[in-house]
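The values are calculated or read from the model by the stated rules, or taken from the named source; none is laboratory data. Just so you know, these numbers come straight off a predicted model, no measurement behind them. Every residue, glycine as well, gets a Cβ built from its backbone with ideal geometry; the counts of neighbours run over all protein chains shown. The accessibility values were calculated without ligands, DNA or RNA, using every heavy atom of the protein model including side chains. Shrake-Rupley method; radii C 1.70, N 1.55, O 1.52, S 1.80 Å.
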Amino acid sequence: MIYKLSLIEVAEKIKKRELSSVEVTKACLERIEKSNLNAFNHIDRKNALASAKNADKMLGSGEYAPLLGVPIAVKDNICTEDMPTTCSSKMMQKYLPPYSATVYKKLKNAGAVIVGKTNMDEFAMGSSNLTSYTGRVLNPVDNSRVPGGSSGGSAAAVGGQLVYAALGTDTGGSIRQPSSFCGVVGFKPTYGVVSRYGIFALGSSFDQAGPITRTVEDNALMLNCISGYDDMDSTSQNIEYPDYLSALKGDVKGLKVGFPKEYYNVDIDEGGRDTALKALDLFKNAGAEIVEVSLPNFEASLSVYYILACAEASSNLGMFDGVKYGFRAQNYQDLLDLYIATRTEGFGDEVKRRILFGNFVLSSDNYQAYFVKALKARTVIKENYKKAFEKCDIIIGPTSPCTAYKFDAKLSFRCSFMSDIYTSSVNVAGLPAISVPFGKDKDGLPYGLHIIAPPLCEQRIYNAAKFVQDGEGKK
Amino acid sequence: MSFQTVIGLEIHCELKTKTKIFCSCRNKFGGAPNTNCCPACSGHPGTLPVLNKQAVEYAVMAGIALNCKINKFSKFDRKNYFYPDLPKAYQVSQFDFPICTNGSLTIDVDGQSKQIRINRIHLEEDAGKLIHSEWGGGTLVDYNRGGVPLIEIVTEPDMSSPEEAIAFLENIISVLKYSGVSDCKMEEGSIRCDVNLSLKEAGSSKLGTRTEMKNLNSFKSAYKAMQYEIKRQTAILSGSGKVLQETRRWDDNSGKSYSMRSKEDAQDYRYFPDPDLVPLILDDEYINEIKTKLPELPAQKIERYTSEYNLSAYDAQVLSADREVAEFFDQCCIGYDNKKALANWIMGDIMRKIKEKNQSSINIPIKPEDFIKLLNMYDDKTISQNAAREVLDKMWEGGGEPVQIVEKLGLKQISDTGELLNMVKEIIKNNPKPADDYRQGNKKALAFFVGQIMKATKGKANPQTLNELLIKELE
């Protein structure tokens, strides 16, 4: 079954010419068309097949690129000048960007066949894909449940084996949480490792694009292709970029694995807590050293995240005003009315909520008490992680305090307000982190194991994640 | 009750960098609407700012020229508000850590020297232009100007009269043009000025309520606006009323200003640090390097011309007003001793040519060495003053070396006393009646003889020598 292969496996077969890119791409497109997941906002059949044909031609003349001929999807907040980019919002319906994102160009340069743009929470605000203007996405593991968000479409497309990899974006957990809900591997790189140029800005000092794949190796290969210094992004890391795939062994002997004691205070279902602790045993049995670390005031990091990310988002979403492109209200009396009507009709409720909150914390009366204080707290959170990493090499824990919940579920506090509790402080500190599938709950829904490392230690994470993946595979 | 005027200025100056401040669009004036912009400066999502190094250099240059402290740490902030000429709905500016602080500029009004303090200089981006349709067809937006680099210069309220404010403006424009950072054309909007004006009770230290005036498009408008505002505020305060703190728009046509918005309508700009740009860190080496690039400024030239060359203050001011003229003068000084004569030639004939040509920027197409050669020929009486002017015209239009031009046009004047004396004797002999008229006391008859000989010599007779000889012979 072509669609059951991993990215590396299918890339290899295409390279060896055992499969053609065209047949692989056709198979994907068929599965996408038949799928009821609603994972895609846009499917570009024509260009995908043209790319596939071209890939086969290149291979025929002996040319090669790491992703040559492999069907991949891209989240719909990433600018693609040959496909609409809508952020699953009414505001951006039919918007065709005048340029393409760096990550998109990099994927194309690596030979990828881009089949389309995936569904998401509106403007990447949400963790269930329920705020999307283009409808809910179904979780491939259980269609009556949410896939998570905001990269719900990307995670579902990979989990549902519609594509071999997809790009997501992560501001407070939006790659990792849906990956954990859909049972796939999702990686958020160190801030600045992947260029933000061409990605709709949400929380500018938090956002990172990253790969969602079925295996850890696939993920490392994808990161190889999309990472790199970009002089169009002033926050891009100007460093030597390693080959994330080459030294991937899955050997954790002597690795110091940290578990924050504050995690015990977080409200999480028993199954989730047990699973995380089981992971610790797994590492210990393989020769790793388990270290208890501390992340003081851990729960406060969620507030810090919301204050700063919403502040940045409220400013970033100002440009959607109906003047230059996108949706414009039909009825308005004057300029002010144009702005009000357009933004009232064009934005969904969650987007409005976050813009209002962002404006609130930036308003002159509240700036010092909220924004400035959160900035200071951010520095402390970074310091806390730094101190913790003096004692350990990686920190593990659950990705999410809950597993994929039903669409009509009445959400508990932990699944709604606290859903980003484990993931968001990672963005606050600009650290790299992965969610790798680890165990299932009593309903058969996947848990995700969250692995965090110091800045620019992506390889360390991949190594530990491979270990976990291989252990899972043996079951 | 008598009042004292208190004036402060906010000056926006466009830096003449090659490209815009945050993108690589060309920084040029005019052009068909929206033909000089890109996704970044027209507010498309996903774009990111990349700081123009030359803009920083020019800002530092301006700061040094205006005696400011150059801050080694400064940062960029977002100023958020909605208006169609602001594509991103925020302007990138500098709020609490500007690049320069605490400068000064000395002005001279009616022989009195006064130092005006400069509070700060900061970098920011310009907005686009709105064109209001005259036939009620709405408003059109042109983003060509969006993203052009600006420095905003804010003075302390140290000026006490419209005359002082105008003197300051003239002076600062001279300094900015000298430092090469801007062409300061008020008519093109590359320099704009807003005036803050209040009245206080004479002798009191308590400042009155100030109003801000905008839309001052020329020195004349600014002057009239200030006079109008002084009258208006005086009338209010004399009637025991209160001046409203507001922004007023000057209308040249009606000669009045109108209220735009009051303090109650004042916007909360929700300033916060721009997360897309890293802080600007400058070191001593960088600042010193820019210091070396700064040319000698007008104040220094005036000092040098008056003390070393003994020129009058007036002459020194005229000569130093434009850098091109002053540097031409400086270069000529190297090979010419009579500085006063040189000054006169330049203030007279060179500046006449410049005015005649009326180009957008001053260009003296004559080499200083050649100009000196010309002056020398006049000094040694080889040519007359009129001839010198003719040669100057030829040199200006088509180049050429003065000695050659004199040869070619046969402009050498006849100073040879012997030759002239013969002609004089001849003409007197042939015209006994006018000679008698002269001897009888009609001095005007001399003009007849001068005219005759000039005609005969085709204007080449040295007028002074001719006059001397005629007078002597006629006696």
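In this Cβ point-charge picture (+1 for Lys and Arg, -1 for Asp and Glu), chain A has a dipole of about 560 debye about its Cα centre.
So how much slack lies between B:Glu407 and B:Ile287, counting 0.36 nm per residue of separation and subtracting their Cα-Cα distance, in nm? The B:Glu407-B:Ile287 span can extend by a further 38.0 nm. From the Kirkwood radius over Cα pairs of the protein assembly as shown, Stokes-Einstein at 20 °C and 1.002 mPa s returns a whole-number translational diffusion coefficient of 65 µm²/s.
Applying 1/(1 + (r/R0)^6) with r as the Cβ-Cβ distance of A:Asp251 and B:Gln245 and R0 = 56 angstrom yields a FRET efficiency of 0.20.
Under the simplified labelling scheme, the B:Lys129-B:Asn215 pair shows an inter-label distance of 1.7 nm, with each label point 7 Å from Cα along Cα→Cβ.
Accessible surface comparison of B:Met213, B:Met186, probe 1.4 Å, protein chains only, largest first: the order is B:Met186, B:Met213.
Note: relative contact order over chain A, using C-alpha pairs below 8 Å and six or more positions apart, is 17 percent. Computed over the range A:167-250, the quotient of the alpha carbon radius of gyration and 2.2 N^0.38 Å is 1.07. Chain B against chain A buries an accessible area of about 2600 Å², both chains summed, 1.4 Å probe radius.
In sequence order, the range A:6-23 has phi-based couplings of 7, 4, 4, 4, 6, 5, 5, 5, 5, 4, 6, 6, 6, 10, 9, 4, 4, 6 Hz under the Karplus curve 6.51 cos²θ - 1.76 cosθ + 1.60, θ = phi - 60°, and Gly or Pro positions carry x. Model label sites at B:Arg117 and B:Met1, defined 7 Å from Cα along the beta-carbon direction, differ in position by 2.7 nm. Peptides A:235-247, A:385-397, A:358-370 ordered by packing proxy, namely the average of other Cβ atoms within 10 Å per residue, highest first: A:385-397, A:358-370, A:235-247. Size descriptor for the range A:74-143, Kirkwood hydrodynamic radius: 12.8 Å (Cα pairs only, one decimal). The spacing between the range B:189-246 and the range B:279-340, judged by their C-alpha centroids, is 35 Å.
Full extension of the chain between B:Gln385 and B:Lys53 gives 114.5 nm of extra length, using 0.36 nm per residue less the Cα-Cα distance.
Summing Lys and Arg as +1 and Asp and Glu as -1 over all other residues whose Cβ lies under 15 Å from the Cβ of B:Leu421 gives a net charge of -3. For a modelled paramagnetic label at A:Ala27, 7 Å from Cα along Cα-to-Cβ, the residues of the range A:191-233 in reach, with backbone nitrogen under 17 Å, are A:214-215.
Neighbouring Cβ atoms from other chains, within 10 Å of the Cβ of residues in B:79-85, number 4 on average. Taking all protein chains as they are arranged and a probe of 1.4 Å, the heavy atoms of B:Lys472 leave approximately 150 Å² accessible to solvent.
Kirkwood radius for chain A, taken over all pairs of different Cα atoms as the inverse mean of 1/r, rounds to 22.2 Å. Ignoring ligands and nucleic acids, what accessible area does B:Cys23 show with a 1.4 Å probe (Å², nearest 10)? Rounded to the nearest 10, the figure is 20 Å². Legend: residue pairs A:Lys386/B:Lys79; B:Lys53/B:Lys291; B:Lys429/B:Lys472, Cα-Cα distance threshold 23 Å; pairs beyond threshold, A:Lys386/B:Lys79. Model label sites at B:Asn467 and B:Lys433, defined 7 Å from Cα along the beta-carbon direction, differ in position by 2.7 nm. Neighbouring Cβ atoms from other chains, within 10 Å of the Cβ of residues in A:309-319, number 5 on average.
Taking the DSSP beta bridges in chain A as the whole, what percent of them are antiparallel, to the nearest 5? Taking every DSSP beta bridge within chain A, about 65 percent pair in antiparallel fashion. On the basis of the beta-carbon distance and an R0 of 35 Å, A:Ser294 and A:Ala369 show a calculated FRET efficiency of 0.80. Separation of the range A:52-95 from the range B:1-63 is 36 Å, based on Cα centroids. Rounded to the nearest 10 square angstrom, B:Glu468 shows an accessible area of 120 square angstrom against a 1.4 Å probe. Computed per residue of chain B from DSSP H runs no shorter than four, each worth -39500 (n - 2.57), the mean residue ellipticity at 222 nm is -12000 deg cm²/dmol. Rounding to the nearest 10 and keeping the result within 0 to 90°, find how far the Cα-based axis of helix B:385-398 lies from the longest principal axis of chain B. It is inclined by approximately 50 degrees. Out of every Cα-Cα pair that chain B contains, those further apart than 28 angstrom amount to 64 percent. Please work out the FRET efficiency for the pair B:Ser161 and B:Met260, using the Cβ-Cβ distance as r and a Förster radius of 25 Å; give the result to the nearest 0.05. The calculated FRET efficiency here is 0.55. Could you tell me the center-to-center distance, by alpha carbons, between the range B:366-425 and the range B:86-159 in angstrom? First find each Cα centre; the distance between them is then 50 Å. The mean number of partner chain beta-carbon atoms within 10 angstrom of a residue's beta-carbon across peptide A:78-86 is 1. The relative contact order of chain B, computed from alpha carbon pairs under 8 Å that lie at least 6 residues apart in sequence, is 14 percent. Quick note on the range A:17-119: its Rg to Rh ratio, both from C-alpha atoms and Rh being the Kirkwood radius, is 0.99.
Contact order for the range B:251-337, expressed relative to its length and based on alpha carbon pairs under 8 Å spaced 6+ residues apart, stands at 14 percent. By the Kirkwood approach, averaging reciprocal distances over each pair of separate Cα atoms, the range A:70-194 gets a hydrodynamic radius of 14.1 Å. Counting only alpha carbon atoms, the long axis of helix B:284-293 and the longest principal axis of chain B meet at about 30°.
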